[in-house]
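J.: Take a look at this one; I'll ask things after.
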Amino acid sequence: MNSITKAVYDKLVAKDPNQPEFLQAAMEVLESLSPVMEKNPQYVPVLNAIVEPERLMQFRVPWYDDMGNLQVNRGYRIEMNSAIGPYKGGLRFHPSVNLSILKFLAFEQVFKNSLTTLPMGGGKGGSDFDPKGKSDAEVRRFCQSFMLELNRHIGPNTDVPAGDIGVGGREIGFMFGMYKKIKNEFTGILTGKGMEWGGSLLRPEATGYGCVYFVREMLKTRGEKFEGKTVLVSGSGNVSQYAIEKCIELGAKVVTCSDSGGWIHDAEGITTEKLAYIMELKNVKRARISEYATKYTSATYTPVDKALDHNPLWAVKADVALPCATQNEINGKDADNLLAGGVYAVGEGANMPTTPDGVEKFVKEGILYGPGKAANAGGVAVSGLEMAQNSARYNWTREEVDAKLDTIMTTIHKNCADTAAEYGAQGNYVAGANIAGFIKVAEAMLAQGLV
């Protein structure tokens, strides 16, 4: 950091010392922006504004469990920046949710949405409610109570939430129904909706597909392609499933996936048939990935060992790694293991899955490293396309949406690569993504008077 960006960061530390995830995200962006401030001093006033949310809501969410007992959770919505469009970003339902995590996600979302080329601002929200182990009736009651408050703050031209961890089609449906009942209107207030009621084809696949498209473009810069590559994937949710699907389609062999209980290694590779089993296991049965190893003898299952200072999944030999689980899942030791195992391309399907020391090692080594705000922008890109279809009261075909997604991810890659080169950081996609995302938002903020 230079003196300008460090001053901004020091103020954040003084104001929010107990928000480590947000401070980590802010530091990564501010470090990249140091050369931008030197070259474009007109952007200096923007820095102090862009790190602060335009609006932040916290509220209680009371609901009754199946035993008739009152439960109370915390709900949040952070409207970070609306300079280039209505706030856009997911809702996360998970016990780990707090202000620090949501501010980090909202801050990242601003730059990610800017990179998509679509007119969307950045926001994020959610609750410390855990859908795991809850009945459908309990999830419905919670979602309806959550929307009773959230409806005051959102709208198709104000703030359009989507899903995230713990918020899938079931939760989106319950919340959309409640919003419609409260407001007496059918609008595209949420994205990730079912096809029968305003959704877009390819929305569930978008983040995973988009991540693979971005890595494909990175590989092209070295004259390579996915075919024949061995790939490590973490997670087994929506992003992971469709990243695996697209890898298989492009001729790669995916050998791992995981959940919070542990991970599987299938040396023979996850086939289309095996992937269908994973989808049924996680999406329908809501069971654990350990059952995969029981069904397929080619696979081994390793439970999580909290005593370890690394994740053994990242020590498996491979060419490409796609972390698609959660934030900070790859630390410095994991990064060392990946590099030692032959991995030379990393595409982040999750948000900020690599710790700062891990990122530093990837960048220093000069591997192809696609940060989350660029590599996983496919999800919000197709959410933006869903908003466009809702406004037009018209649906595009699967092929049309996929072609638009492919074009967006290819454009994001080119923008990141070109911007990095312009600021003397050739091949550094972290710098390219942060700078390109920032400049578009900064120009809009300056034009609107930094309000």
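J.: Once the principal axes of the Cα atoms of region 219-373 are found, what is the range along each, listed largest first in whole angstroms?
T.: 42, 38, 26
J.: Between Gln71 and Asp10, with labels modelled 7 Å along Cα→Cβ, what's the label distance in nm to one decimal, could you check?
T.: It works out to 4.6 nm between the two label points.
J.: What base-10 log of the normalised intensity I(q)/I(0) is obtained for region 362-425 from the Debye formula, alpha carbons as equal point scatterers, at q = 0.20, 0.24 Å⁻¹?
T.: Normalising to I(0) and taking log10 leaves -0.84, -1.03.
J.: Can you give me the distance in nm between label points at Val451 and Arg170, each placed 7 Å from the Cα along the Cα-to-Cβ direction?
T.: Placing both labels 7 Å beyond Cα along the Cβ direction yields 4.3 nm.
J.: What is the gain in length, in nm to one decimal, between Ser298 and Thr410 on full extension, counting 0.36 nm per residue of separation less the C-alpha to C-alpha distance?
T.: 36.7 nm
J.: Of all beta bridges DSSP finds with both residues in the chain, what is the antiparallel percent, to the nearest 5?
T.: On the way: 27 of 45 bridges.
Roughly 60 percent of the DSSP beta bridges within the chain come out antiparallel.
J.: Quick one: with all protein chains in place, what share of the accessible area of region 159-228 is carbon or sulfur, to the nearest percent (1.4 Å probe)? Please list the in-between numbers first.
T.: On the way: 1380 of 2670 Å².
On region 159-228, the fraction of accessible area on carbon and sulfur atoms equals 52 percent.
J.: Which translational diffusion coefficient, to the nearest whole µm²/s, is obtained for region 401-445 from the Stokes-Einstein equation, given a Kirkwood hydrodynamic radius over C-alpha pairs, 25 °C and 0.890 mPa s?
T.: Taking Rh from Cα pairs, D becomes 226 µm²/s.
J.: Would you kindly calculate the translational diffusion coefficient of region 334-451, applying Stokes-Einstein with the Kirkwood radius from alpha carbon pairs, for 4 °C and a viscosity of 1.567 mPa s, and quote it in µm² s⁻¹ without decimals? The partial results should precede the final answer.
T.: Working: Rh = 16.0 Å.
The Stokes-Einstein estimate is 81 µm²/s.
J.: Please state the relative contact order of region 223-378 as a whole percent: Cα pairs under 8 Å, 6+ residues apart?
T.: Details: 312 pairs, mean separation 32.5, N = 156.
RCO, region 223-378: 21 percent.
J.: Exactly which trypsin sites (Lys or Arg not before Pro) in region 276-359 are in a DSSP loop and have at most 15 other Cβ atoms within 10 Å? Can you show the working numbers first?
T.: Working: sites: Lys282, Lys285, Arg286, Arg288, Lys295, Lys306, Lys317, Lys333; in loops: Lys285, Arg286, Arg288, Lys306, Lys317.
In loop regions of region 276-359 (DSSP not H, G, I, E or B), the sparsely surrounded trypsin sites (Lys or Arg not before Pro) are Lys285, Arg286, Lys306, Lys317.
J.: What is the gain in length, in nm to one decimal, between Tyr277 and Lys364 on full extension, counting 0.36 nm per residue of separation less the C-alpha to C-alpha distance?
T.: Separation in residues times 0.36 nm, less the Cα-Cα distance, equals 27.4 nm.
J.: A follow-up question, please. In percent, what relative contact order does the chain have, based on Cα pairs under 8 Å that are 6 or more apart in sequence?
T.: Working: 912 pairs, mean separation 69.9, N = 451.
So the answer I get is 15 percent.
J.: Once the chain is represented by equal point scatterers at the alpha-carbon sites, with solvent omitted, what log10 I(q)/I(0) does the Debye formula produce at q = 0.06, 0.10 Å⁻¹?
T.: -0.23, -0.68
J.: Give me the percent of Cα-Cα pairs in region 246-326 that sit more than 14 Å apart, rounded to a whole number.
T.: Here the tail beyond 14 Å accounts for 64 percent of pairs.
J.: Next question. How big is the shadow of the Cα convex hull of region 1-117, averaged over all directions, in nm²? Please list the in-between numbers first.
T.: Details: hull surface 34.9 nm².
Mean shadow area of the hull around the Cα atoms is 8.7 nm².
J.: Along the charge dipole of region 110-243, pointing to its positive end and built from +1/-1 on Cβ of Lys, Arg, Asp and Glu, which listed residue (Gly121, His153, Val139) has its Cα farthest out?
T.: About the Cα centre, the residue reaching furthest to the positive side is Gly121.
J.: Semi-axes of the equivalent ellipsoid of region 130-195: what are they in whole Å, largest first, if each equals the square root of 5 times a C-alpha gyration tensor eigenvalue?
T.: Its equivalent ellipsoid spans semi-axes of 19, 13, 10 Å.
J.: Now, a different point. Over the chain, average the accessible area per residue using a 1.4 Å probe and give it in Å², no decimals.
T.: Accessible area per residue, the chain: 39 Å².
J.: Can you tell me, using C-alpha contacts under 8 Å and at least 6 residues apart, the relative contact order of region 66-185 as a whole percent?
T.: 33 percent
J.: Loop-only trypsin sites (Lys or Arg not before Pro) in region 367-451, please: DSSP not H, G, I, E or B, and at most 14 other Cβ atoms within 10 Å. Display every interim value, and only then the final one.
T.: Details: sites: Lys373, Arg393, Arg398, Lys404, Lys414, Lys440; in loops: Arg393.
Passing sites in region 367-451 are Arg393.
J.: While we're here: Measure out, as a whole number of angstrom, how far apart the alpha-carbon centroids of region 36-62 and region 235-284 sit.
T.: Taking the Cα centre of region 235-284 as reference, the centre of region 36-62 is 38 Å away.
J.: Let me ask another. Per Stokes-Einstein, at 20 °C and 1.002 mPa s, what whole-number D in µm² s⁻¹ belongs to region 138-270, with the Kirkwood radius over Cα pairs as the hydrodynamic radius?
T.: Rounded to a whole number, D works out at 126 µm²/s.
J.: Counting only other residues whose beta carbon sits under 9 Å from that of Pro53, what net charge do I get with K and R as +1, D and E as -1?
T.: Charge balance near Pro53 sits at -1.
J.: Then there is this: What longest region of the chain stays clear of chymotrypsin sites (Phe, Trp or Tyr not before Pro) that DSSP places outside H, G, I, E and B and that have at most 14 other Cβ atoms within 10 Å? The partial results should precede the final answer.
T.: Numbers: sites that count: Phe186, Tyr394.
After excluding every exposed loop site, the longest remaining stretch is 187-393.
J.: What is the magnitude of the charge dipole of the chain about its Cα centre, with +1 placed on the Cβ of each Lys and Arg, -1 on the Cβ of each Asp and Glu, and no other charges, expressed in debye to the nearest 20?
T.: So the dipole magnitude of the chain works out to roughly 820 debye.
J.: Another question, then. Describe numerically, in nm with one decimal, the distance between label points set 7 Å from Cα along Cα→Cβ at Ser391 and at Lys225.
T.: So the label points at Ser391 and Lys225 sit 3.6 nm apart.
J.: What GluC sites (Glu not before Pro) does region 151-218 have in DSSP loop regions with at most 13 other beta carbons within 10 Å?
T.: Glu185
J.: Provide, for q = 0.30 Å⁻¹, the log10 of I(q)/I(0) from a solvent-free Debye sum over equal Cα point scatterers in region 231-287.
T.: Values, matching the q order: -1.44.
The values are calculated or read from the model by the stated rules, or taken from the named source; none is laboratory data. Predicted, not measured: the structure shown is a model, and the values here were computed from it. Note that each Cβ is placed from the backbone with ideal geometry, even for glycine, and that neighbours are counted across all protein chains shown. These area figures cover heavy atoms from the full protein model, side chains too; ligands, DNA and RNA do not enter into them. Shrake-Rupley method; radii C 1.70, N 1.55, O 1.52, S 1.80 Å.
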